[in-house]
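Engineer: This is the structure I have questions about; it appears just below.
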Amino acid sequence: MNIHKSAEDYLEMILMLREQKGFARSIDIAAALSVTKPSVSFAMKKLRENGYILMDEENHILLTPRGEEIARRMYSRHRALTEFLMKIGVPGDIAREDACKIEHDISPETFQAIQKQLDE
């Protein structure tokens, strides 16, 4: 599954907003990711065209099963990487920021090793 980093960020944010608020709207995504509303509109159009999201009658953004799978994978990586970085002494705000950068590029093998360390 080949998807760009920015698309992963959008899908992850949709999931996070849904868990926090019960729904995700373009304006909430723009605020959370510090991007413009036109940027979000463009990204949502692409995600919809590629089968990752749907829009309901209230303009709430819904993840398709395909989008949900990617969003959950990224969110899981983000949480685990943040926890790992904090466990080794990185301050929380820096750990969260660095986890965002790492979550897209880390190999499955390295991520499994980190998860194994967290489980111990």
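Engineer: Hand me the GluC sites (Glu not before Pro) from the range 38-117 located in a DSSP loop with no more than 13 other Cβ atoms within 10 Å, in residue order please. All intermediate terms of the calculation are to be shown ahead of the outcome.
Structural biologist: Numbers: sites: Glu49, Glu57, Glu58, Glu68, Glu69, Glu83, Glu97, Glu103, Glu109; in loops: Glu57, Glu58, Glu103.
The qualifying sites are Glu57, Glu58.
Engineer: Another one. Once you have the Cα-Cα distance between Ala113 and Leu54, take 0.36 nm times their residue separation minus that, and quote the gain in nm to one decimal. Show your work: numbers first, answer last.
Structural biologist: On the way: separation 59, 0.36 × 59 = 21.24 nm, distance 3.49 nm.
In short, 17.7 nm is gained.
Engineer: Tell me, what % of the accessible area of the range 1-55 is carbon and sulfur with a 1.4 angstrom probe?
Structural biologist: Result for the range 1-55: 55 percent of the exposed heavy-atom area is carbon or sulfur.
Engineer: Here's another thing I want to ask about it. Can you give the relative contact order of the range 1-76 as a percent, counting alpha carbon pairs under 8 Å and 6+ residues apart? List each step's numbers first, then the result.
Structural biologist: On the way: 85 pairs, mean separation 28.5, N = 76.
Across the range 1-76, relative contact order equals 38 percent.
Engineer: Another question about this same structure. Over 24 Å between C-alpha atoms is what I'm after, so list which of Lys37/Lys87; Lys21/Lys45; Lys21/Lys87 land there.
Structural biologist: Lys37/Lys87; Lys21/Lys87
Engineer: Give me the distance in nm between label points sitting 7 Å out from Cα along the Cα-to-Cβ direction at Thr64 and Glu19, one decimal.
Structural biologist: Reported label-point gap for Thr64 and Glu19 is 2.3 nm.
Engineer: Heavy-atom accessible area per residue, the range 19-117, 1.4 Å probe: how many Å²?
Structural biologist: Using a 1.4 Å probe on heavy atoms only, each residue of the range 19-117 averages 61 Å².
Engineer: Give me the percent of the accessible area of the range 74-120 that comes from carbon and sulfur atoms, probe 1.4 Å, all protein chains in place.
Structural biologist: Carbon and sulfur atoms account for 52 percent of the accessible area of the range 74-120.
The values are calculated or read from the model by the stated rules, or taken from the named source; none is laboratory data. Here the structure is a predicted model, which means the values were calculated and not measured. Because the Cβ atoms are built from the backbone with ideal geometry, glycine has one as well, and the counts that use them run over all protein chains shown. Ligands, DNA and RNA are excluded from the accessible area calculation, which covers all protein heavy atoms including side chains. Shrake-Rupley method; radii C 1.70, N 1.55, O 1.52, S 1.80 Å.
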